[in-house]
Amino acid sequence: MSFGRACLVALLFVFALCVGHTAARAATVDEALAHFTADDFDQTEIGINEVAASGNPRAEIILRALQNGQLMFSAARKAVYIQDDSGKLVDAATGQAIADPSPDDLDNVRINNRLRGTIDAALGTLTLLSKNPATRYKAAQAVFKSHEPSALPTLEKAIAQEADNSVKQAMEQARAAILLNMPGVSDAQKLAAIAVLRDRGDQDALALLSDLPARESPTVAHAALDAIHAIQARLAEWDAVQNAWYGVSLGSVLLLAAIGLAITFGVMGVINMAHGEMVMLGAYVTFAVQEAIRGYDPALFDYSLAIAIPLAFLFSGIVGILIERSIIRFLYGRPLETLLATWGLSLVLQQAVRTIFGADNRNVGNPSFMSGAFNLGGITVTNNRLWIVCFALVVFVALIGILRFTRLGLEMRAVTQNRAMAASMGIRTSRIDALTFGLGSGIAGIAGVALSQIDNVSPNLGQGYIIDSFMVVVFGGVGNLWGTFVGSFLLGIANKFLEPYAGAVLGKITILVLIILFIQKRPRGLFALKGRAVEA
């Protein structure tokens, strides 16, 4: 045989091998798809695993279609199709459009919760070797949750070539979850898997370990119990951190609601029961701004809060000045009448809002940057709460700056410390009273902007915060902003730590009783103001 003929024979042999391999792979996919036409959950599970193991480039497309309810079958034709969003059918194996009329018996391939887990595991297996680290990490998490033994060979291969430490750790945790649920695994392998899950230390790891002691050897059972106790202790610590974060979040809300009241109550001595309605007006200004943006240009929605904050401050501030000029200034030195008048005014404002906007809750949406949440260690932090905490701190710092570095702040502090002396120095105390009331009301308005992101916007919004605001102000020290700052966060954290044991209502009652006892010993609160008028 000549050299040229030998080369030709070799090429033909290689070509035959390639064709044979392609035909075998196509046959494997066709055989896997045939299981979907049986309309049986067990057969469908076999089909899912065979499609994933086939190595066909369309395997992920087929499984995604099944996951999304777009995989269809015809029992008469023994054929499987993918239906796109427009209703057109393509052959599941080839991806070619179907020119013939749709089969009369066309139906969805049904799945249940068990099969959804199998699909997740199969998709995880397909994407464990992806070039994208985020995709590989997500695939490892899917395999961990499903712990399907069929994913183990691919997982072992992915671990061997993984360079990203965080992704490799997730893959090793997925392997540990599989080994703990596989028959025939040695005790040494299970002990190593338990150690991996112990280091993971979350609720999913605890769930995987919880039933091991009852069905394993004494050595494995002892290791599992130790791991369970260690994870439970760690979770208890993270629960305490989570409650502390909830307390900080609640404290920021109380700070926003109470900081304006601290100014009016401290400078003017006015018990303003309508302060909560200033908060409510700010929330409705936010609703009005978002409605206007939805009608004018929805693309501006993410800027709705930036637009609403100054408008809410101005609107609530102007309303506050009008209230002071028309009602409050005639009642100075008469605290009972002031309390009754502002309480009646709060009812009037609530009814006015009901008349204009209706009594139903109004929808105030979150901008995109305030939506969602993220995990920080073992706690979950929602974006809207985090932004509100930051916003409360910014408002507090800005208010401190106004009081320290502006003429209005200087005159307000002078009136707070000694009203008579301030008047004798030429300060128009009536003007300061009006501006102070307007400033406190304006801050309450921007508090309403923040609260609209976490609470229902309704005419009763302010009523839920007025009592808490007075508690914060009295506990921290009347008229002292630093006292309000410390008091709001102390009460917020204490409230959240009491709730799991006493409940929300009893927790609030307990806080109120503790504040009453504290005020008995320290009537001026945590941080008492200094000055001749205060000492008199």
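Here are some notes:
- Condition met for THR355 (on the phi < 0 side of the Ramachandran plot, surrounded by 15 or more Cβ atoms within 10 Å (Cβ to Cβ) and of a type in the set (S, T, N, Q)): no
- Unique match (being modelled with pLDDT under 90, under 11 Å from ALA121 (Cβ atoms) and surrounded by fewer than 22 Cβ atoms within 10 Å (Cβ to Cβ)) among SER150, SER146: SER150
- Flag for GLU277 being in contact (Cβ under 8 Å) with a residue 60 or more places away in the chain and closer than 28 Å to GLY507 by Cα: yes
- Single unsatisfied condition, ILE328 versus (1) modelled with pLDDT of 90 or more; (2) under 17 Å from GLY276 (Cβ atoms): (1)
- If only residues of the stretch 70-127 that are charged (D, E, K, R), out of contact with any helix residue (DSSP H, G or I) (no Cβ under 9 Å at 6 or more places or on another chain) and under 17 Å from GLY47 (Cβ atoms) are counted, the one that is least open to solvent (accessible area, probe 1.4 Å) is ASP91.
- Pairing residues of the stretch 86-105 that are under 15 Å from GLY69 (Cα atoms) with residues that are part of a loop (DSSP other than H, G, I, E, B) and open to solvent by 80 Å² or more (accessible area, probe 1.4 Å), at Cβ distances under 9 Å and at least 6 apart in sequence or on separate chains, gives VAL90/GLN96.
- Residues of the stretch 450-485 that are surrounded by fewer than 24 Cβ atoms within 10 Å (Cβ to Cβ) and hydroxyl-bearing (Ser, Thr, Tyr): SER458 alone.
- Test: residue in the stretch 388-400 that is surrounded by 15 or more Cβ atoms within 10 Å (Cβ to Cβ), free of Cβ contacts under 8 Å to residues at least 60 places away in the same chain and within 30 Å of PRO298 (Cβ to Cβ): no
- Selected residue (criterion: nearest to the chain's Cα centre (by Cα)) from residues of the stretch 211-233 that are of a type outside the set (Val, Ile, Thr) and crowded, with 17+ Cβ neighbours inside 10 Å: ALA227
- Selection of the stretch 417-450 for residues being polar (S, T, N, Q) and over 21 Å from ALA257 (Cβ atoms) yields GLN417, ASN418, SER424, THR429, SER430.
- Applying the criterion of at least 1 residues that are farther than 30 Å from GLU324 by Cα to the helices (runs of 4 or more DSSP H) found wholly in the stretch 423-536 leaves 481-502, 504-521.
- Among (1) open to solvent by 60 Å² or more (accessible area, probe 1.4 Å); (2) in contact with a Lys or Arg (Cβ under 8 Å, 6 or more places away or on another chain); (3) under 30 Å from ALA76 (Cα atoms); (4) in contact (Cβ under 8 Å) with a residue 12 or more places away in the chain, the one test that GLU156 misses: (3)
- Tally, over the stretch 183-210, of residues that are open to solvent by 40 Å² or more (accessible area, probe 1.4 Å), under 22 Å from ALA142 (Cβ atoms) and in a loop (DSSP other than H, G, I, E, B): 1
- Hey, PHE437 buried (at least 24 other Cβ atoms within 10 Å of the Cβ), hydrophobic (A, V, I, L, M, F, W, C) and either in contact with a Gly (Cβ under 8 Å, 6 or more places away or on another chain) or modelled with pLDDT of 90 or more (or both) or not: yes
- Counting only helices (runs of 4 or more DSSP H) that sit wholly inside the stretch 316-418, those with at least 2 residues that are over 39 Å from the mean Cα position of the chain (by Cα) are 335-357, 407-417.
- Within the stretch 42-69, the set of residues being open to solvent by 60 Å² or more (accessible area, probe 1.4 Å) and either within 36 Å of the chain's Cα centre (by Cα) or closer than 11 Å to LEU126 by Cα (or both) comprises ALA53, PRO57, GLU60, ILE61, ARG64, GLN67, ASN68.
- Against the criterion of being open to solvent by 40 Å² or more (accessible area, probe 1.4 Å), assigned to a helix (DSSP H, G or I) and closer than 27 Å to ASN375 by Cα, VAL253 does not qualify.
Per-residue answers, yes or no, for (1) free of Cβ contacts under 8 Å to residues at least 60 places away in the same chain; (2) loosely packed, with under 14 Cβ neighbours inside 10 Å; (3) farther than 25 Å from TYR303 by Cβ:
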residue	(1), (2), (3)
ASN366	no, no, no
PHE374	yes, yes, no
ARG385	no, no, no
ALA422	yes, no, yes
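- Residue in the stretch 191-198 that is of a type in the set (Gly, Ala, Ser), modelled with pLDDT of 90 or more and under 18 Å from PRO149 (Cβ atoms) present: yes
- Cross-chain or 6+ apart pairs with Cβ under 7 Å, the stretch 246-273 first and farther than 14 Å from GLY445 by Cβ and in contact (Cβ under 8 Å) with a residue 24 or more places away in the chain, then open to solvent by 10 Å² or more (accessible area, probe 1.4 Å) and among the charged types (D, E, K, R): TYR246/LYS496; GLY247/LYS496; SER249/ARG385; LEU250/LYS496; LEU254/ASP468
The values are calculated or read from the model by the stated rules, or taken from the named source; none is laboratory data. As the structure is a computational prediction, the values presented were derived from the model and not from experiment. When we count neighbours, we look across all protein chains shown, and the Cβ atoms used for this are built from the backbone with ideal geometry, even at glycine. These accessible areas exclude ligands, DNA and RNA; they are computed on the full protein's heavy atoms, side chains included. Shrake-Rupley method; radii C 1.70, N 1.55, O 1.52, S 1.80 Å.
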